[in-house]
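One structure is given here, and the rest of the page talks about it.
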């Protein structure tokens, strides 16, 4: 056998022997371990958020017939959380839950109403258990429709009329 081959074989066998000895040495020595547990916690509390679209009655030159419109609220409450949605009387001077008022030029007003149903028979107010809309949260957004009506009334001065109604979620 040529001398360079015998040296190569010897070196290879020596390396192989070293690897085997190392592996046997690692396997022969038992590793020690210790264990414990870790607690992982989280608390979910009841919570709700709400957003609203604009309820727009559009444009009219007279109020000789009733005008209706629909807006909506988006309510998101934690799953299984009972809630009530309420609407206050708005910011119009002299407004009540049953007769809200949009204010325009020279403090002129237009009367209107907000309702929980499309037949306009259930006024939307802010007294829980009386004139609010109840629901139960699912963890996803839920839509609550708000129906509005401007009844027949004396024609007000031309101009833009508006009101701001506060929406409250009680949960």
Quick one: Cα convex hull volume of segment 112-171, Å³ per residue? 122 Å³
Rank by packing, highest mean first: peptides 34-42, 87-95, 116-124, 156-164, with packing defined as the count of other Cβ atoms within 10 Å averaged across residues. 87-95, 116-124, 156-164, 34-42
What does the convex hull of the alpha-carbon atoms of segment 49-170 project to on average, in nm²? 7.3 nm²
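FYI, it's all coordinate maths here, none of it is from the lab. The shown structure was predicted, so the numbers you read here are calculated from the model rather than taken from an experiment. Every residue, glycine among them, receives a Cβ derived from its backbone with ideal geometry; neighbour counts consider all protein chains shown.
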